[in-house]
Structure formats: structure tokens, C-alpha cells
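Bear in mind that the values in this text are calculations on the coordinates, not laboratory data. Here the structure is a predicted model, which is why all the values come from computation and not from measurement. Positions of Cβ are backbone-derived with ideal geometry, glycine not excepted, and every protein chain shown enters the neighbour counts.
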Amino acid sequence: MKGKSMLVSVGVTVALALLATGVAISAQDKYTLKVPNGLAFSEFRGYEGWQTISISENGGLLAVILGNPAMIDAYKAGVPGNGKPFPDGAKMAKNDSEES
């Protein structure tokens, strides 16, 4: 019985290690994407931690617009309503996904 539980423990450890490796590889791959004749996904690195600016729904799709810290600070300062331009480095990203 001890040998069987040891085998299960080793199996679970190997599975977790393979899963972690797969996650690391897929995380690297997403930043190699690029829109044809456009921006590279790597220009939005870290977007997962950006704040939500807007959420909308259209035909079963949810769209979320996110802003990096520079964009959020600009909004708090009144841009664009105050007539000032958005500062360098201010970025927004839109993510569409189907509702489940």
C-alpha cells in the first residue's frame, strides 16, 4: 500500500510540473502575437492587472476596456475633458469574450 501511495504522489508531482511548464510556455507565446500591420501584443504586457474603464454587451459578447495606470491617472485628472492630451505611455486595451 505504501508503494501505491508513493507512486500516486510522484504522478501528481510530475503532472503539476508539466502543467506549470505548459503555463509558462503559453504565457511566453501570447506575447509573440501581432496584429497584421499593427501593434504587437507585447506592447500591452501586464494588461491583466490594468483597471476596468468600461464594460459593454452586444449580441452575447462582453467587451471590457482596460486602462494602464497612466491612462487611469489621466482620466482622474480630467483628460480629455480638460483640453489636455493623454500623456505619453497612456494605453487602453479592449477584450471581447462570449458570455457563458
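Worth a mention:
- Taking the range 39-75 and a reference point 7 angstrom along Cα→Cβ of Lys84, the backbone N atoms nearer than 14 Å belong to 70-75.
- Cα gyration tensor, the range 35-100 - rounded (a/c under 1.5), prolate or oblate: oblate
- Highest mean packing comes first when the peptides 46-53, 69-76, 82-89 are listed by Cβ atoms within 10 Å, giving 69-76, 46-53, 82-89.
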